[in-house]
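First the structure, in the form of C-alpha cells, and then the observations on it.
The values are calculated or read from the model by the stated rules, or taken from the named source; none is laboratory data. Computed from a predicted structure; not experimentally measured. Cβ: placed from backbone, ideal geometry, glycine included. Neighbour counts: every protein chain shown.
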Amino acid sequence: MDQESRIIKLLSLNNKYIGDDCAYIKETKQLISTDTLVENTHFDLKFFNVNNITHRLFISNFSDIQSSGGMPRYALFNISFPKKKFEIALSISKKLKSIANKHNVNIIGGDTTNSDKISLTLTLISKKIEKSDILLRSKAKINDDIFVFKNLGFSKLGFLNIYNNLKLPNKIKDKSKKQFLSPKFYRYYDLLWNLPISSSMDISDSLYECLIEMSFLSKKKFIIENLKGVNPYLHNYINSDDKYHNLILGSGEEYTPIFTLPKNILDNKSISLFKKRGIKLERIGYVSKGKGVEFKNLNIKGIKLFNHFNKNYKKI
C-alpha cells in the first residue's frame, strides 16, 4: 500500500461520509469533491501557463462529481503563493472565476495565504442528489459490459513527451502534449442519468487502478478482452503492444469515467447523444463471477502507474 492509500484508509475507517470519488452529505443530499495542485508536483511554470493550471484544477474536481452522477453547483477555493508570484495567483483566480461561471458553478468562499510555492485547492459541491441516484464503484453486476471513453493514453504520452523529450511525429507530439497540459473537458453527467449504470469511477490515476478498485469493491471479476480499440491512433503508431498497453492502462489524469452497464443495453440513440458531445465509447470487457482483473491475451507486466511519490511514471 502506497503512502497516499495509507492516509486515505486511515481517514476512511468507520467514516460514513467518505465515499468513492466524492463524499456524500446525507443531511443536505450533496456530493463533495476536493483536489489540490502544488507547484512542481502537479505543474511547473516552465511548461504550464495560467490557463493550463486553472483548467486542470477545475476539471479534476468536476470529473469526480460527474462520474458519481452529480451536477457541480458550488465551489470553495483556497490559494497559497509567495509574494513574488502574486500576479500569477491573481490571474489563476480570475481564470477560475471565468471557468466556474461558464459551467454554472458559484464560488462561495475560500482562503488565501502565503507559502513558498503556489498551492491551489478547489472543493466542488453538487446540486442535490438522492443517495439512490449516486453512481458507486461497488455495484458492478455479473454480465455487465465495461465501457470507457476512447483515446485514453495521450495524457501519459504527453507527460513523457515533455519531460523525456521523446521523438514523436509532430501530429502525435502536439496531440499528446495538448491532452496532458489541458485535458479535454467533457460534460457528460446528464448523459449518465439516461443509462442504467451499475458502477462508475473517474479515471484520474489510471485505468488499471480503476479496474482493480472496482473489481475489489464489487466483489466481481473484471475480464478485459479489448484494449486495441481504446486508442486506435496510438495502436497504429506504436509498434510494441507492451508499450501501448502501458500507455492505455497506466495513463493518469485522463478525467473521464469507466462504467459498467447491463449487457447490450447501449442503443444507437444513446451512442448518438454521446457523439454529439464529442465522446466515443469503447467496450473493453465484461464482469464475471470471481475476483480480480483478468486480461485475455494481454501482457500487462511492468505497468508504470501514476504516483506523486516516485519517478516510475516517467517510464514507458
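Only a single criterion out of (1) surrounded by 19 or more Cβ atoms within 10 Å (Cβ to Cβ); (2) over 26 Å from Phe259 (Cβ atoms); (3) without any contact (Cβ under 8 Å) to a residue 60 or more places away in the chain is not satisfied by Glu39, namely (3).
Okay, residues lined up against (1) closer than 16 Å to Glu254 by Cβ; (2) small (Gly, Ala, Ser); (3) in contact (Cβ under 8 Å) with a residue 60 or more places away in the chain:
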site: Lys141; (1), (2), (3): no, no, yes
site: Leu160; (1), (2), (3): yes, no, yes
site: Asn165; (1), (2), (3): no, no, no
site: Asn170; (1), (2), (3): no, no, no
site: Leu181; (1), (2), (3): yes, no, yes
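Within the stretch 137-154, if we keep just the residues that are of a type in the set (Gly, Ala, Ser) and in contact with a strand residue (DSSP E or B) (Cβ under 8 Å, 6 or more places away or on another chain), the residue that is nearest to Glu282 (Cα to Cα) turns out to be Ala140. Just to be sure I understand, how many residues within the stretch 216-263 are in a helix (DSSP H, G or I) and in contact with a His (Cβ under 9 Å, 6 or more places away or on another chain)? Of the residues in the stretch 216-263, 3 are in a helix (DSSP H, G or I) and in contact with a His (Cβ under 9 Å, 6 or more places away or on another chain).
Of the residues making up the stretch 205-215, those that are crowded, with 23+ Cβ neighbours inside 10 Å and in a loop (DSSP other than H, G, I, E, B) number 1. Which residues, taken from the stretch 261-281, are surrounded by 10 or more Cβ atoms within 10 Å (Cβ to Cβ) and among the polar types (S, T, N, Q)? The one that is surrounded by 10 or more Cβ atoms within 10 Å (Cβ to Cβ) and among the polar types (S, T, N, Q): Ser270. Between Phe77, Phe81, the distinction of being among the aromatic types (Phe, Trp, Tyr), touching a Gly at 6+ places or on another chain (Cβ under 8 Å), outside the structural domain of Pro196 (by TED's automatic domain parsing) and surrounded by 15 or more Cβ atoms within 10 Å (Cβ to Cβ) belongs to Phe77 only. Taking first residues from the stretch 264-292 that are within 18 Å of Leu191 (Cβ to Cβ) and outside any strand (DSSP E or B) and partners that are modelled with pLDDT of 95 or more and β-branched (Val, Ile, Thr), no Cβ contact under 6 Å between residues at least 6 apart in sequence or on separate chains turns up.
Under the condition of being over 26 Å from Ser68 (Cα atoms) and in contact with a Phe, Trp or Tyr (Cβ under 7 Å, 6 or more places away or on another chain), the residues counted in the stretch 170-190 number 3. Looking across the stretch 44-67, the residues that are in contact with a helix residue (DSSP H, G or I) (Cβ under 9 Å, 6 or more places away or on another chain), among the polar types (S, T, N, Q) and buried (at least 19 other Cβ atoms within 10 Å of the Cβ) come down to Thr54, Gln66, Ser67. In the stretch 70-106, what residues are in a loop (DSSP other than H, G, I, E, B) and β-branched (Val, Ile, Thr)? Across the stretch 70-106, the qualifying residue is only Val105. One residue alone among Leu211, Leu227, Leu166 is of a type in the set (A, V, I, L, M, F, W, C), in the same structural domain as Thr260 (by TED's automatic domain parsing) and modelled with pLDDT of 95 or more, and that residue is Leu211.
Asp111 fulfils the conditions (1) surrounded by fewer than 18 Cβ atoms within 10 Å (Cβ to Cβ); (2) at pLDDT below 95 except for a single criterion, (2). One residue stands out among those in the stretch 116-132 that are in contact with a helix residue (DSSP H, G or I) (Cβ under 8 Å, 6 or more places away or on another chain) and either at positive phi or not in a loop (DSSP other than H, G, I, E, B) (or both): the one that is surrounded by the fewest Cβ atoms within 10 Å (Cβ to Cβ), which is Thr123.
Hey, does the stretch 202-210 have a residue that's out of contact with any helix residue (DSSP H, G or I) (no Cβ under 8 Å at 6 or more places or on another chain) and aromatic (Phe, Trp, Tyr)? Checked against the condition, which is being out of contact with any helix residue (DSSP H, G or I) (no Cβ under 8 Å at 6 or more places or on another chain) and aromatic (Phe, Trp, Tyr), the stretch 202-210 yields no hits at all.
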